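Here's the structure, in structure tokens; my notes come after.
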Amino acid sequence: MNRSKRRTGRRHPLATVALLALGLVFTGGAYAALSTGTAQAEAEPTSQATIEEGKKLFQANCATCHGLEAQGTANGPSLIGVGAAAVDFQVGTGRMPMQMQGPQAQQKPPQFEDEQVKQLAYYVASLGPGPDIPADHLVNGGGDAANGAELFRINCAMCHNVAGAGGALTEGKFAPPLTDVSGVHIYEAMVTGPQNMPVFNDLNISPEDKRDVITYLKYVQDNRSPGGFELGSLGPVAEGLFIWIFGLGAIVAITVWITAKSN
């Protein structure tokens, strides 16, 4: 009796095989899922799938002005050879697609998500060589702010103002303020020359010097007007006008009040 009970309490010989099979199935499934996730995470931004998605977006949203193959039309220039940086700047800042025709494209909220902007950028980059989207270490503000300030005063302040407040140009054009522009878009603007801005290639300003300019602008963004009311950061003209109107006005008002009181 005891022997028969023991025999009935034992596991079936195939139970071990079944457990091993289940273990292999779960292990293989987990490995496949992790491998797929890793492959997707490490996918190159210039992969064929990214370029194909960018092409679809381009033909649906940009081809009306720039042509089906980005060759340009009467309504928009050719984009062959402008590079990923130009597209990332124009589309990422909302300047493209244009809201209306004018002296220059107006900045507005972007129409596309960040991933779609990159897909468009790398599709256009696949059509011809051009400036690429800058690496993180060039735009994170880790450079020499003093050298960047000097370079900015020499090359940029005549249009953007020494504090990056922007300024008016001719025929309705303008240099936009740089008070809240990301380091990536500042770098891309320097290497592509959007709107009325000249191109500062690596022979004009090296990548390290561009990083220093971005560092200076980030410093200005984070340390707004330590001396007090900034008056639009327009410099001595606005400050002098303020003194003439309010300073001298206050003196005249006090003089009139003293005279009236004495009489």
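Give, in nm to one decimal, the length gained when the segment between Leu68 and Ala146 is fully stretched (0.36 nm per residue of separation minus the Cα-Cα distance). Could you put the intermediate results ahead of the total?
Working: separation 78, 0.36 × 78 = 28.08 nm, distance 4.60 nm.
Between Leu68 and Ala146, full extension yields an extra 23.5 nm.
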Please list, in chain and number order, the residues 5+ apart from Ala70 or on another chain whose amide H is under 5 Å from its amide H, with Hs placed from the backbone. none
In sequence order, what are the phi-derived ³J(HN,Hα) couplings for the range 90-99 according to the Karplus relation 6.51 cos²θ - 1.76 cosθ + 1.60 with θ = phi - 60°, rounded to whole Hz, with x for glycine and proline? 5, 7, x, 9, x, 5, 10, x, 5, 6
Phi-derived 3J(HN,Hα) across the range 206-219 with the Karplus relation (6.51, -1.76, 1.60, θ = phi - 60°), rounded Hz, x for Gly and Pro, is 5, x, 5, 5, 4, 4, 5, 4, 5, 4, 4, 5, 5, 5
Long-range amide H partners of Phe174 with built H, under 5 Å: Leu169
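Give the residue list of GluC sites (Glu not before Pro) in the range 163-217 that are DSSP loop and have at most 10 other beta-carbon atoms within 10 angstrom.
Values: sites: Glu171, Glu188, Glu208; in loops: Glu171.
Counting only loop positions with at most 10 other Cβ atoms within 10 Å, the GluC sites (Glu not before Pro) in the range 163-217 are Glu171.
At 0.36 nm per residue, minus the direct Cα-Cα distance, what do Leu203 and Glu115 gain on full extension? Give it in nm, one decimal, please. Numbers along the way, then the final one.
Working: separation 88, 0.36 × 88 = 31.68 nm, distance 3.11 nm.
My answer for the length gained is 28.6 nm.
Calculate, in nm to one decimal, what Asp132 and Ser47 gain on full extension: separation in residues at 0.36 nm each, minus their alpha carbon distance. Don't skip to the end; give the middle numbers.
Numbers: separation 85, 0.36 × 85 = 30.60 nm, distance 1.50 nm.
Once the chain is fully extended between Asp132 and Ser47, it gains 29.1 nm.
Of all trypsin sites (Lys or Arg not before Pro) in the range 96-183, which ones are in loop regions per DSSP and have a Cβ with at most 15 other Cβ atoms within 10 Å?
Values: sites: Lys118, Arg153, Lys173; in loops: Lys173.
Counting only loop positions with at most 15 other Cβ atoms within 10 Å, the trypsin sites (Lys or Arg not before Pro) in the range 96-183 are Lys173.
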Around Cys156, which amide H atoms from residues at least 5 apart in sequence, or from another chain, sit under 5 Å from its own amide H, with H modelled in the peptide plane? none
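Can you figure out the FRET efficiency of Val162 with Val256, using R₀ = 41 Å and their beta-carbon distance, to the nearest 0.05? List each step's numbers first, then the result.
Working: r = 38 Å, r/R0 = 0.93.
That pair, Val162 with Val256, gives E of 0.60.
Computed from the coordinates by the stated procedures, all read-outs in this text should not be read as laboratory data. What you see is a predicted model; the values in this text were computed from it and never measured. With ideal geometry, Cβ positions are generated from the backbone for all residues, glycine too; neighbour counts draw on all protein chains shown.
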